[in-house]
Amino acid sequence: MFKDIPKECRLASGVIVIDQDKRVLYLRASEPKTGQVFWVMPGGGLEPNESFEDAARREGYEETGCSFNLGPYVWFRRHKYVWNGKPFDQYERFFVGLILDSDYNPPYQDGYISKHKWWSLDVLQASNDAFAPRNVRKIIATILEGEYPGQPFDCGV
């Protein structure tokens, strides 16, 4: 289905949800087996025959309840990790999601999510918390300003 992506990869979409105050939405996640806490952007795996764009729209809404305009695909990553004792090899594409309303009310919240937070660039860069992607502090500024790369690039794990 996707010729440049290894067949063994789980396919996923992430949404860089940005509000009118140029803040990015993150969800506080806890790994079920280890209890490791970190912040993730809304997103998740593609359903059978679903495009990355459609998955971003669906997952973005399911995990936030917010209306947003899906913008461009700006980042990708291949990430190998263990979740709840099971190994995953995931290929993920990130899309910009410009929020139309900031009423956070997810209709389908995953059990490993404990809260949400809108992060300004300054607060995000000053935080010692763990984020995914890990180097978001270095690559998010231009996205928050509405400047998108000409081609999507690897944002790292």
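Does at least one position in the range 96-104 carry a residue that is at pLDDT 95 or above and of a type outside the set (A, V, I, L, M, F, W, C)?
Yes: one or more hits.
Please verify whether the range 137-148 includes one or more residues that are aliphatic (A, V, I, L, M), modelled with pLDDT of 95 or more, out of contact with any strand residue (DSSP E or B) (no Cβ under 8 Å at 6 or more places or on another chain) and under 14 Å from VAL24 (Cα atoms).
yes
In this structure, does TYR91 turn out to be at pLDDT 95 or above and at negative phi?
yes
Yes or no: ASP129 loosely packed, with under 15 Cβ neighbours inside 10 Å, modelled with pLDDT of 95 or more and touching a strand residue (DSSP E or B) at 6+ places or on another chain (Cβ under 9 Å)?
Here the answer is yes, as ASP129 does meet what is asked.
Are any residues in the range 64-75 surrounded by 19 or more Cβ atoms within 10 Å (Cβ to Cβ) and either in contact with a Cys (Cβ under 7 Å, 6 or more places away or on another chain) or at pLDDT 95 or above (or both), and if so, which ones?
VAL74, TRP75
Any idea how many residues of the range 9-35 are of a type in the set (Ser, Thr, Tyr), over 11 Å from the mean Cα position of the chain (by Cα) and modelled with pLDDT of 95 or more?
So the count comes out to 1.
Looking at GLY156, GLY150, can you tell me which residue is surrounded by 14 or more Cβ atoms within 10 Å (Cβ to Cβ) and more than 16 Å from ASP21 (Cα to Cα)?
GLY156
Can you tell me how many residues in the range 1-34 are farther than 20 Å from VAL123 by Cβ and in a loop (DSSP other than H, G, I, E, B)?
Within the range 1-34, residues that are farther than 20 Å from VAL123 by Cβ and in a loop (DSSP other than H, G, I, E, B) number 13.
The values are calculated or read from the model by the stated rules, or taken from the named source; none is laboratory data. Please read all numbers here as calculations on a predicted model, not as lab measurements. We place every Cβ from the backbone using ideal geometry, glycine too, and count neighbours over all the protein chains shown.
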